[in-house]
Amino acid sequence: MKPNSITVAGALLALLMIGLFALIISQSAFPIFKFASSSDRFINVTQNVGKQDSYFMWTYRTLDIAAQAFVIFAAAAGCLAILRIENKEHEPDD
């Protein structure tokens, strides 16, 4: 059986996304997996909260981007599953 172009494209896209996801994980340290420690990253609400909140959100984007990459990969896989071509064998009418 010869694979069609949609199957090949889906397999290549899946391998590419798995490799990209593994690269992102291997290049970045996830602070969520570390033990909690007291640090100076807590926000003092009597000062300028916006600047410190923005700093925190843009500093720890790795987990967020990894989750977004997984969601995009799942959406692409779902679209390919919906658009796949099914081979229906013709059954004789009784």
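The values are calculated or read from the model by the stated rules, or taken from the named source; none is laboratory data. The structure displayed is predicted, hence computed values, not measured ones. All Cβ positions, glycine included, derive from the backbone under ideal geometry; neighbour counts span all protein chains shown.
Worth a mention:
- The residues of region 61-94 that are of a type outside the set (A, V, I, L, M, F, W, C) and at pLDDT 75 or above, listed by number, are Arg61, Thr62, Asp64, Gln68, Gly78, Arg84.
- Note on region 3-18: among residues that are small (Gly, Ala, Ser) and surrounded by 10 or more Cβ atoms within 10 Å (Cβ to Cβ), the one that is nearest to Thr62 (Cα to Cα) is Ala14.
- Applying the criterion of being assigned to a helix (DSSP H, G or I) and surrounded by 11 or more Cβ atoms within 10 Å (Cβ to Cβ) to the residues of region 42-53, the residue that is modelled with the lowest pLDDT is Val49.
- Ala22 falls short on exactly one of the conditions (1) at pLDDT 75 or above; (2) touching a helix residue (DSSP H, G or I) at 6+ places or on another chain (Cβ under 8 Å), and that condition is (2).
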